[in-house]
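Just below is one structure, and these are the notes that go with it.
The values are calculated or read from the model by the stated rules, or taken from the named source; none is laboratory data. Owing to the predicted nature of the structure, the values given are computational and were not obtained by experimental measurement. All Cβ positions, glycine included, derive from the backbone under ideal geometry; neighbour counts span all protein chains shown.
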Amino acid sequence: MLDQQISELASQAEARIAAARSAQELEPVRVEVLGRKGVLAQISKEMGKLAPEERARVGKLLNAAKQALEEALEAGKKRFEESALRDQLDAEWVDVTLPAPGPRPGSLHPVSQMQMEIEDLFVSLGFMVLDGPEVETEYHNFDALNIPPEHPARDAQDTFWLTGGHLLRTHTSPVQVRGMERFQPPLRMIAPGRVFRNESVDASHDHTFYQIEGMMIDRDVSVAHLLYFMKTLLSEVFRREVTVRLRPGFFPFVEPGFELDIQCLICGGTGCPVCKQSGWVELLPCGLVNPNVLRISGIDPEKWNGFAFGLGLTRLVMMRYGIDDIRLLQSGDLRFLEQF
Ligand code: DAH
């Protein structure tokens, strides 16, 4: 009678264990069957009524069933633990061989890129690349360029004055003077750099921008030489035909002086904010070096002469990429910079 009850119980419990779908579903089976008040505990109480030899035999059966169920529960639990681990591993799987999303690559500022291109061009034409200070002396920025105090040309370049005869250079032309002080003619040099003007900022004016100064001093330099280098420069930079015009222009450090304009590449000459609706952009003021400028720096104008130019590098970059607001260039805005 008890034999049958035990074996039925055992097979029922085993079936429930096998059917369980989670570790939680095993727990009630354990409590109901093996627990202190479980069915097996009940049966073992009833065993007290049996004859001693019968009690020993049923006791053995009972223990065997108990042990078998404990093992089955243990195995079930283990099965669920293993599959939970497998599920977790599947969910958290990472392909460590995939390339990591590396740091965002930087790039050179468009002004730097253009500057380097122009440097390469002029180096290939036998020019040196010189550097000069951004904090300049009044002498190098003005006097030595044939712009004495009280000369109206000083007003044309609104200046950030510093103390002690110093200023923020308003153009790269002072590097001409420094070049002539350091080297003897014949001399070919360019000087790229940052310049500063104390003027109000709008789409085409910034207080800080870039120029490239150029100077060649040799014997019998003419306007033809000047034009040759300027045309080479522009066709190299734009890699296409650009329309240019030459106007007389006044700069105290050249005589004759010219304004070399190019037709606005942003609007094609119809007028826009960059060309101030004129269709033309002043890009390349230039001329033959004024003999006074040579003399001031100790070069004999009877023996030597030369040409000079002051390229608006920032403007050139705006023309090339169709940038219609100069303020973008110094903004540090990554949405702008990442396009170059
Ligand atoms: N330094 C002048 C400026 O910034 C530009 C310039 C004009 C430079 C004529 C030159 C030159 O070398 O010949 O306004």
Just one of F253, F258, F196 is under 19 Å from L145 (Cβ atoms), touching an Asp or Glu at 6+ places or on another chain (Cβ under 8 Å) and within 13 Å of the ligand (Cβ to nearest atom); which is it? F196
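Every residue, every condition in (1) touching a Phe, Trp or Tyr at 6+ places or on another chain (Cβ under 8 Å); (2) outside the structural domain of F142 (by TED's automatic domain parsing); (3) within 13 Å of the ligand (Cβ to nearest atom), yes or no:
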| position | (1), (2), (3) |
| --- | --- |
| L283 | no, no, yes |
| L288 | yes, no, yes |
| G298 | no, no, no |
| L313 | yes, no, yes |
| L316 | no, no, no |
| R320 | yes, no, no |
| I326 | yes, no, no |
| S331 | no, no, no |
Candidate set: segment 11-35, residues that are among the small types (G, A, S) and in a helix (DSSP H, G or I); chosen: the one farthest from the chain's Cα centre (by Cα): S11
Have a look at V242, V237, V274, V293 and point out the one that is among the β-branched types (V, I, T), at negative phi and within 16 Å of the ligand (Cβ to nearest atom). V293
Residues of segment 134-174 being near the ligand (Cβ under 10 Å from one of its atoms), small (G, A, S) and crowded, with 21+ Cβ neighbours inside 10 Å, in sequence order, are S173
Hey, can you tell me all the residues within segment 207-229 that are among the charged types (D, E, K, R) and within 13 Å of the ligand (Cβ to nearest atom)? E213
Looking at segment 51-91, which of its residues are exposed (fewer than 10 other Cβ atoms within 10 Å of the Cβ) and either in contact with a helix residue (DSSP H, G or I) (Cβ under 9 Å, 6 or more places away or on another chain) or assigned to a helix (DSSP H, G or I) (or both)? P52, E53, L89, D90, A91
Among the residues that make up segment 296-317, is at least one of them surrounded by 18 or more Cβ atoms within 10 Å (Cβ to Cβ), touching a strand residue (DSSP E or B) at 6+ places or on another chain (Cβ under 6 Å) and more than 17 Å from Q211 (Cβ to Cβ)? yes
